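The values are calculated or read from the model by the stated rules, or taken from the named source; none is laboratory data. Given the structure is predicted, the values throughout are model-derived calculations rather than measurements. Quick reminder, even Gly has a Cβ in these numbers, built from the backbone with ideal geometry, and neighbours come from all protein chains shown.
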Amino acid sequence: MSTRLYLNEGTSGAFNIGAAVSSLWEQNIAGAFTTKKLGTATDSNANTNHLTGSLGNGSNPCDICYGQFLSDPMPSGVLISGTIRGNIVCREGNAADNLYTQLGLYVVDSSGVLVHTLLGGANSGGTEMNSPSANNREMPRNGATAITSYTTINATSRIVAEIGMRTESTRTTCQGYMYFGGGSGTDLPSGDGQQHHEEPVDRVQRGHLHAAGRWRSASPGGRGLRQLSRGPGPGRLEAPALRAVGASMGGLMEGLLVGLVLGFLLHEVILPAWVAARHPRHHGR
Amino acid sequence: MADEERAPRKASRTPDELTDLRRWAVKVFLALSVLIVVVDLAGRLFKDPTFRVDAVVFGLVFGTLLALLGLEGINRALGAGK
């Protein structure tokens, strides 16, 4: 199984980070870093067409942030690994804009400070946005993309998704259209190219965030992230639970091995040397 | 006669002080083991349910204790036959 996360444009995040978490972006649209909610359920608010002209800073490439979304806190000891994929409706105003979707995915602490980069953008492959009609595009641009794994160490970490576009041109007048919000329609199908009639149904879908061990609601009533995944599923690493156990057992085994060596040295080298130094008559017998 | 010619039994090469020090080392690491278990439990009960003493620290203390106990056991087993 996997987790599907929605870009709830109509709901504020638990707190406003107010700045980019990553160093991925060279530009951002107005209000991009007013933090919104990244939810496991849609808030059913209408999707919005975020249209911005004059994008690009003259350098190729240029990454432009459109929005920042913050999840509920995750429980401690959760392994996040596997792949992430999503879909969004978007288009470019000019075929020379060479716009692609861009995604950064991060773990932040209770203050919104970066703890771990799960995905620092995807910079190659995929399909350029269509012009003039808005089409469904994968986000990250290559579809399912591996993330660097992370195990939460407390119950305050959250996931931040920063979404946007990347122009692979030196134009400074790119026009980017991106439709996002919770929406009330059906989820977009995966894959590039499906025409979507400009109907603003635009959800990040099939985000694969794999949990290990006990992944539970952070609080009764479903405030926290709900059960994410158990058992095998498409695109995920096998046996994530074993990976989590392995991670903690690794530390224990490392400590045990060092401890055994330390104990041996203490018993057979350090203490005899100490006694020999104090009583030279025993030395050399 | 044969008994008189037999070489006198060798005294233990381990000084008493070394034996004492080794026993003290075992006691110290035993106390440390109990301490970190108590800290771990107290942290979970009174501070934060997610509180954990680091696995490396657990491994280090228990590994050292295991090595000391094992070597002491071997020494005693070998010494018991003399």
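Quick look at the values:
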{"quantity": "Residue A:172 being surrounded by fewer than 18 Cβ atoms within 10 Å (Cβ to Cβ), hydroxyl-bearing (Ser, Thr, Tyr), in the same structural domain as residue A:72 (by TED's automatic domain parsing) and at pLDDT below 90", "calculated": "no"}
{"quantity": "Criterion violated by residue A:43 - all others in (1) part of a strand (DSSP E or B); (2) in contact with a strand residue (DSSP E or B) (Cβ under 7 Å, 6 or more places away or on another chain) satisfied", "calculated": "(1)"}
{"quantity": "Leading residue by the ranking (modelled with the lowest pLDDT) among those in segment B:41-82 that are closer than 18 Å to residue A:77 by Cα and more than 13 Å from every other protein chain (Cβ to nearest Cβ)", "calculated": "B:45"}
{"quantity": "Residues located in segment A:104-135, provided they are touching a Gly at 6+ places or on another chain (Cβ under 7 Å) and assigned to a strand (DSSP E or B)", "calculated": "A:104, A:119, A:120, A:135"}
{"quantity": "In segment A:136-187, the residues that are over 18 Å from residue A:62 (Cα atoms), in a strand (DSSP E or B), more than 14 Å from chain B (Cβ to nearest Cβ) and in contact (Cβ under 8 Å) with a residue 60 or more places away in the chain", "calculated": "A:136, A:145, A:146, A:150, A:158, A:159, A:160, A:161, A:179, A:180"}
{"quantity": "Hits in segment A:14-59 - residues which are surrounded by 19 or more Cβ atoms within 10 Å (Cβ to Cβ) and at positive phi", "calculated": "A:56"}
{"quantity": "Residue check for residue A:70: touching a residue at least 12 places away in the same chain (Cβ under 8 Å) and either outside the structural domain of residue A:109 (by TED's automatic domain parsing) or farther than 29 Å from residue A:132 by Cβ (or both)", "calculated": "yes"}
